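Notes to accompany the following structure.
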Amino acid sequence: MTDPERPVPTGAPSRYPAPQPPLRAVPSPGPLAPASADPGRAAPPEPPGPGPEGGPGTRQVPQRIWCEDDDRTGLLAMSVWTERVPGRGEDAEPFIAHHRSSHQGLLAVFDGSGGSGAAPAWQAPDGDSRTGAWVGSRVARLATDVWFRAVAEDTETTAPERLCEYLQYFLDHAPQRRSKISGTMRRLLPTTLAALHYRLTRARDVPELELRPLWAGDSRAYVLTPAAGLQVLTRDHTREADALELLRTDPPMTNLVCADREFTVDSRRLTYPLPCVLVAATDGFFGYVHTPADFESLLLRTMREAHTGDEWADRVRREVQGYTADDASLAVVALGYHGFEDLRARFAHRLEEVTDRYVRGRPQGLDGPSGASGGTGTGPAAPEDPAELPARVRAWQDSTWHTYRPGYETHLPPAPEERA
């Protein structure tokens, strides 16, 4: 669907281009030095898993990790991307960029909505087709890349309406096939988006961050600190807002990026002290754990077990592949730390707190435990009736969530009816 009346956004090409290879953050004389997931920086290969008959697997599950640790600027960035089905992953690769001269950056993730965008939308040169969800997430990534370049060059604003216009423009010019099957849940090129724009500033000679989360759908952005732990900055576009209930149910999204219907990009502004860690993730990371605290536990435990940023990314990748039932992508930017060792040391006490309060004491028999539990769950020594396990798990989830929720939701945006 191309709208001839829709103006071309600043910085957008006159026609839809083929996506260019993402760029790395390198010291260059140019004004823009973006850092995004580099396909050439892949995780170390692993032996193929068993095939359906117990023999060697024929294709490994694709995964990529990437890390940049620049102690001179106090910036560490890393990303993780995995597919559940080789060649069919509907998450686009995470986007991370930092513009040195203007002291600002962006991290973002994109999760193609496979349920509403399952119809074929594009055919590769080898004849293999891709779904609308696959195309939508990658087009949204390209549009976000172009928008941020314009922002970094000071020819565009960070207003969510402007990002929305870029998304609409690129989706209008993307490959599309209209399905004969229609319905209220069908979408053309549907995808979620969770992005976090940041700018380093100083207030009374104290460094701080101006943050602007931008989102559509149910991917999330967070801030992580040793004192406060993981705090969510976005509110899922679903009718259910409780993070624990969202783990127990799968409500439909009320808003997501797509080519055939109106959508919005939600946003807000806040300031945050340095140092801190910024996180954006698709639901492949946080949607298949036992409690919301498990996602923080995964990040901190793998950080403690690693010795470098690259190893941290690889450990996170291995963990998520062990428990998720979906594609999974993650973008992380740590600001204000003096290298990975300093980052790890500062979060050591928080990991102990999270482990003591939310990991130990997990019900005996909890399925073996989730990737975020780290295998440290303990239960009563005496055997317990397996039939009572669901009730014990539910009671444990409710109890831990009651304790974890106030800190986690400190910056949760208000519901639309509360803003009215």
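The values are calculated or read from the model by the stated rules, or taken from the named source; none is laboratory data. These numbers were taken from a predicted model, which means no experiment stands behind them. With ideal geometry, Cβ positions are generated from the backbone for all residues, glycine too; neighbour counts draw on all protein chains shown. To get the accessible areas, we keep the full protein, side chains included, count just its heavy atoms, and leave off ligands, DNA and RNA. Shrake-Rupley method; radii C 1.70, N 1.55, O 1.52, S 1.80 Å.
Can you name the residue in region 313-330 that is over 15 Å from the mean Cα position of the chain (by Cα) and over 14 Å from Tyr288 (Cα atoms) and, of all such residues, is surrounded by the fewest Cβ atoms within 10 Å (Cβ to Cβ)? The extreme case among them is Arg318. Applying the criterion of being of a type in the set (D, E, K, R) and more than 16 Å from Thr291 (Cβ to Cβ) to the residues of region 241-264, the residue that is least open to solvent (accessible area, probe 1.4 Å) is Asp260.
Provide a single number: the residues in region 127-173 that are assigned to a loop (DSSP other than H, G, I, E, B), touching a Lys or Arg at 6+ places or on another chain (Cβ under 8 Å) and within 18 Å of Gln104 (Cα to Cα).
Within region 127-173, residues that are assigned to a loop (DSSP other than H, G, I, E, B), touching a Lys or Arg at 6+ places or on another chain (Cβ under 8 Å) and within 18 Å of Gln104 (Cα to Cα) number 2.
State whether the residues of region 285-302 include one that is open to solvent by less than 30 Å² (accessible area, probe 1.4 Å), touching a Lys or Arg at 6+ places or on another chain (Cβ under 7 Å) and touching a residue at least 40 places away in the same chain (Cβ under 8 Å). Yes: region 285-302 contains one or more residues that are open to solvent by less than 30 Å² (accessible area, probe 1.4 Å), touching a Lys or Arg at 6+ places or on another chain (Cβ under 7 Å) and touching a residue at least 40 places away in the same chain (Cβ under 8 Å). In summary, Gly361 fulfils each of the numbered conditions (1) in a helix (DSSP H, G or I); (2) at pLDDT below 95 with the single exception of condition (1).
If I ask for residues that are at pLDDT 95 or above and of a type in the set (S, T, N, Q), which ones from region 117-153 would you list? If the condition is that a residue be at pLDDT 95 or above and of a type in the set (S, T, N, Q), then Ser137, Thr144 are the ones that fit. For region 230-272, residues that are in a loop (DSSP other than H, G, I, E, B) and over 29 Å from Val206 (Cα atoms) total 22.
Among the residues of region 94-118, write down those that are outside any strand (DSSP E or B) and either out of contact with any Asp or Glu (no Cβ under 9 Å at 6 or more places or on another chain) or aromatic (Phe, Trp, Tyr) (or both). Residues satisfying the conditions are Pro94, Arg100, Ser101, His103, Gly115, Ser116, Ala118. Does any residue of region 366-389 turn out to be among the β-branched types (Val, Ile, Thr), modelled with pLDDT of 90 or more and either assigned to a helix (DSSP H, G or I) or over 30 Å from Leu270 (Cβ atoms) (or both)? No, that holds for no residue.
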